[in-house]
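*Asks:* First the structure, which I've put down as C-alpha cells, then a few questions once you've had a look.
The values are calculated or read from the model by the stated rules, or taken from the named source; none is laboratory data. It should be emphasised that the depicted structure is a prediction, and the values quoted were computed from it without experimental measurement. Using ideal geometry, Cβ is built from the backbone for each residue, glycine included, and neighbour counts are taken over all protein chains shown.
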Amino acid sequence: MVERTKVLLLTPRIGGGGAQQVMALVARGLSKERFKVHLGLVRARDSDPRAMPSWVTVHVFGAARARSAALPLIRLVWRLRPDVILSGAPEISFLVLFLRPFFPPATRILVRQNSTVSAALAHGKVPWYTRLLYRFLYRRAHGVICQSSAMAEDLARETGVPMENITVLPNPVDLEGILAAQGAPSAWSGDGPHLLAVGRLVPEKGFDLLIEALVSVRKRFPSADLTIAGSGRERAALEELSLEANLGSSFRIADSLDTPYALFPGATLFVLSSRYEGMPNALLEAAAAGLPLVATPASGGVVDLLRERNGAWLAAEVSANALADAILLALENISSGQRFRHGFFPSKASLPV
C-alpha cells in the first residue's frame, strides 16, 4: 500500500471570509486515499471543527493572532512531520516562512496568496514593513499559489519571487452545493430587481460605493433593492450610509453566511463592488449558479475573467458612478430570473478541487 502524503493546512479559522472557505474546501476535497489531511486553526472563535469530514484532523491553537501561534505551530509540525504545509492567509504565511528554519528539513512549504500584492500594499492599511516581509519571506517558500496570471505577475514584480516558483491555480468551488441550493425557495420579497453582494464588511469591498450606486439605480428602477451578505467592522457605517440615503427597506445586511448560495435563488444580479481583489470566491460561486454579474475592475484577474463574457458587465472604473452605469446596463439587458452559462465550469471534472 502506498503511503499517503501528510498535508498540514493552516488558516485563521473555519468560516468567515473567502480565503477561509477556500481552505475548508481544500480540506474536504483532498482525496483521503492519497492524503492524510490535518487542518490547523489559529483561533477557535467562530470556528466549528465539526464541519470537517471525519478524515480531516483539526488542530486549534487558540491564539488571538498568528504570531502568538508560533510555539504551538512548531510543536505541531515536529509531532506530525508533514510532507507539505499549505498556508492560506498572508499573516500565517509570514509566520510559517519565518519559522521555516525551525521545522524538519524535509518539510515543503507552499503559500496561497489571496490578494493582489500591489493593491494590498497600496490600499490595505497594512503596517509599513509588510512590503519587506513579502520580499524577504516569500522567497523562502517552495512555491506560491496565485489565482490568476495577473496576480502571479504582480506578485513576482512586487516580491522578487521567480515566476517559475509561482503556480496559477483557480480557487475551488463547491459546485454540487451551489447547484443543489438553486432548487430552494427564493429568499427575496418585493418586485425587485434584487441586487446581491457578498463579502466581509470592510472598506476594500467597496460596499459604500454600491450603496451610493443603488441610489442612482433606483431612479431608473424604483423597486430595486440590495442585500449584502457579510459581517465586519463597517456594518454600522454602512447602515448609517443607507439611512442618510433614505434607502429604507430597500437595503439590508444579511448575517454572514458560510454558504451564501441560499440567497442565489430569486436574485436578479450579483455585484462585486471591490476597490481591489485577488480572485473572489463569491464571484466564482455566483457565476457557477449562472447569475448575471456586474463587477468593478478590482484586479487584472477579475477583468480577464469577465471581459467579453455573456451575462457579465464590467464597470469602467472603481467608482460609484461607473458601478451604477454597469448595473443599469445589465438590468436593461436581462429579464427577471435570467441565468447564464458563463463557461467557467464546463464540467465537474474541470473543477480545481
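*Asks:* In this structure, does Leu39 turn out to be in contact with a strand residue (DSSP E or B) (Cβ under 6 Å, 6 or more places away or on another chain), under 24 Å from Thr167 (Cβ atoms) and outside any loop (DSSP other than H, G, I, E, B)?
*Replies:* Yes: the conditions hold for Leu39.
*Asks:* Give the residue that is farthest from Arg75 (Cα to Cα), with candidates limited to residues of segment 5-29 that are out of contact with any Gly (no Cβ under 8 Å at 6 or more places or on another chain) and at pLDDT 90 or above.
*Replies:* Per the criteria, the residue is Thr5.
*Asks:* For residues that are within 26 Å of Ala184 (Cβ to Cβ), surrounded by 15 or more Cβ atoms within 10 Å (Cβ to Cβ) and in contact with a Ser or Thr (Cβ under 9 Å, 6 or more places away or on another chain), tally how many sit in segment 242-263.
*Replies:* 6
*Asks:* Something else about it: Would it be correct to say that Leu283 is buried (at least 22 other Cβ atoms within 10 Å of the Cβ) and either among the polar types (S, T, N, Q) or closer than 17 Å to Asn171 by Cβ (or both)?
*Replies:* Yes.
*Asks:* While we're here: Which residues, taken from segment 217-241, are polar (S, T, N, Q) and buried (at least 16 other Cβ atoms within 10 Å of the Cβ)?
*Replies:* Thr227, Ser231, listed by residue number.
*Asks:* On to the next question. Which residues, counting only those in segment 281-308, are in contact with a strand residue (DSSP E or B) (Cβ under 6 Å, 6 or more places away or on another chain) and under 19 Å from Gln20 (Cα atoms)?
*Replies:* Ala282, Leu283, Ala286
*Asks:* Right, another one. Scan segment 60-112 residue by residue and report those that are modelled with pLDDT under 90 and polar (S, T, N, Q).
*Replies:* Ser68, the sole residue that qualifies.
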